[in-house]
Amino acid sequence: MSIRVIVADDQEIARTGLVMILDAQPGIEVVGEAADGRRAVELARRLRPDVCLFDIRMPGLDGIEATRSLAGPNVADPLAVVVITTFDLDDYVYAALRAGARGFLLKNAGAEMLSQAIHAAANGDALIAPSITARLLSAFAGSGPVSPPAKPVETLTDREEQILATVARGRTNSEIADEFYISLSTVKSHIASLMAKLGARNRVEIAMWAYETNRVKN
């Protein structure tokens, strides 16, 4: 089954380019396009794609608000959203992560990384452009209150501490499995346990908790 994606960007040439790139990738199918955030939200709620790819700067409803509408803390059945932008601005990343985005890319990331981000989001992973991951997560963690609790409801095991550190560094499930010589299902079990113990909704919040508690250094 192909990963079903909708693309939202107010610039037609950029949107067309993203659609062409994604449709050329094996296992990915673009099922809808939108030129503004409001239309993107309507499409996403109707089509229930596997992943939404949203630009930040859009008229009417921007990509951050569109993300919050589909993946925010109060959404009962959140969709996977990847935010893409031309601008490497900390405020944009903070806002996107707080809104529930599973990925954050710059438009110069290239086709391969874009494909990786879509696949990661569809699989429950989070991919943030490597050039900004550590800087932004560490700064984000120190920028104010975060959703995960300050203390886990249960003590983390040694293995969970190891998995926590790799998640915070942006590793995917496959990379973690290879690093520790464990199966993908075992990795997923550890991730699920971490989310339960930390009160985190996704891998991004796991990573933020790791930086907040100084378990990962730049």
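Could you tell me whether any residue of the range 73-89 is aromatic (Phe, Trp, Tyr), crowded, with 17+ Cβ neighbours inside 10 Å and farther than 21 Å from Asn123 by Cα?
Looking only at the range 73-89, we keep the residues that are aromatic (Phe, Trp, Tyr), and these are 87.
Next, from what is left, pick out any that are crowded, with 17+ Cβ neighbours inside 10 Å: none.
There is no residue in the range 73-89 that is aromatic (Phe, Trp, Tyr), crowded, with 17+ Cβ neighbours inside 10 Å and farther than 21 Å from Asn123 by Cα.
Residues that are modelled with pLDDT of 90 or more, surrounded by fewer than 22 Cβ atoms within 10 Å (Cβ to Cβ) and in contact with a strand residue (DSSP E or B) (Cβ under 7 Å, 6 or more places away or on another chain): does the range 96-109 have at least one?
No, the conditions are met nowhere in the range 96-109.
Each row is one residue, and each column tells you yes or no for (1) touching a Leu at 6+ places or on another chain (Cβ under 8 Å); (2) part of a helix (DSSP H, G or I); (3) without any contact (Cβ under 8 Å) to a residue 40 or more places away in the chain; (4) not aliphatic (A, V, I, L, M).
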residue: Thr16; (1), (2), (3), (4): no, yes, yes, yes
residue: Val30; (1), (2), (3), (4): yes, no, yes, no
residue: Arg39; (1), (2), (3), (4): no, yes, yes, yes
residue: Gly60; (1), (2), (3), (4): no, no, yes, yes
residue: Ala66; (1), (2), (3), (4): no, yes, no, no
residue: Leu70; (1), (2), (3), (4): yes, yes, yes, no
residue: Asn108; (1), (2), (3), (4): no, no, yes, yes
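Which of the residues that make up the range 51-67 are open to solvent by less than 50 Å² (accessible area, probe 1.4 Å), in contact with a Gly (Cβ under 7 Å, 6 or more places away or on another chain) and not β-branched (Val, Ile, Thr)? Explain how you work it out, then say what you get.
From the range 51-67, those open to solvent by less than 50 Å² (accessible area, probe 1.4 Å) are 51-56, 58, 61, 63-64, 66-67; that's our starting set.
If we keep only those that are in contact with a Gly (Cβ under 7 Å, 6 or more places away or on another chain) as well, we get 54-56, 58, 61, 63, 66-67.
Result: Phe54, Asp55, Met58, Leu61, Gly63, Ala66.
With respect to Leu70, is the statement that it is more than 25 Å from Asn202 (Cα to Cα) and buried (at least 21 other Cβ atoms within 10 Å of the Cβ) true?
Details: more than 25 Å from Asn202 (Cα to Cα): no; buried (at least 21 other Cβ atoms within 10 Å of the Cβ): yes.
Criteria not met by Leu70.
Looking only at residues in the range 192-213 that are β-branched (Val, Ile, Thr) and closer than 15 Å to Val153 by Cα, which one is farthest from the chain's Cα centre (by Cα)?
Here is the first cut: in the range 192-213, the residues β-branched (Val, Ile, Thr) are 204, 206, 213.
From what's left, closer than 15 Å to Val153 by Cα: 206, 213.
On the way: Ile206: 12, Thr213: 21 Å.
Filtering the range 192-213 for residues that are β-branched (Val, Ile, Thr) and closer than 15 Å to Val153 by Cα, the one farthest from the chain's Cα centre (by Cα) comes out as Thr213.
If I filter the range 43-50 for residues that are of a type in the set (D, E, K, R), more than 20 Å from Ile206 (Cα to Cα), crowded, with 23+ Cβ neighbours inside 10 Å and within 16 Å of the chain's Cα centre (by Cα), do I get at least one hit? Give the steps one after another, and end with the answer.
First, pick out the residues of the range 43-50 that are of a type in the set (D, E, K, R): 45-46, 48, 50.
If we keep only those that are more than 20 Å from Ile206 (Cα to Cα) too, we end up with 45-46, 48, 50.
Still in the running and crowded, with 23+ Cβ neighbours inside 10 Å: none.
Checking the range 43-50: not a single residue is of a type in the set (D, E, K, R), more than 20 Å from Ile206 (Cα to Cα), crowded, with 23+ Cβ neighbours inside 10 Å and within 16 Å of the chain's Cα centre (by Cα).
Is it the case that the range 18-28 has a residue that's in a strand (DSSP E or B) and buried (at least 23 other Cβ atoms within 10 Å of the Cβ)?
Within the range 18-28, the first condition is being in a strand (DSSP E or B), and the residues that meet it are 28.
Cutting the leftovers down to buried (at least 23 other Cβ atoms within 10 Å of the Cβ) gives us none.
Scanning the range 18-28, I find no residue that is in a strand (DSSP E or B) and buried (at least 23 other Cβ atoms within 10 Å of the Cβ), so the answer is no.
The values are calculated or read from the model by the stated rules, or taken from the named source; none is laboratory data. All values derive from a computational prediction rather than experimental measurement. In this analysis, Cβ positions are derived from the backbone assuming ideal geometry, glycine residues included, and neighbour counts consider all displayed protein chains. Just so you know, the surface numbers come from the protein's heavy atoms only, side chains and all, with ligands and any DNA or RNA stripped out. Shrake-Rupley method; radii C 1.70, N 1.55, O 1.52, S 1.80 Å.
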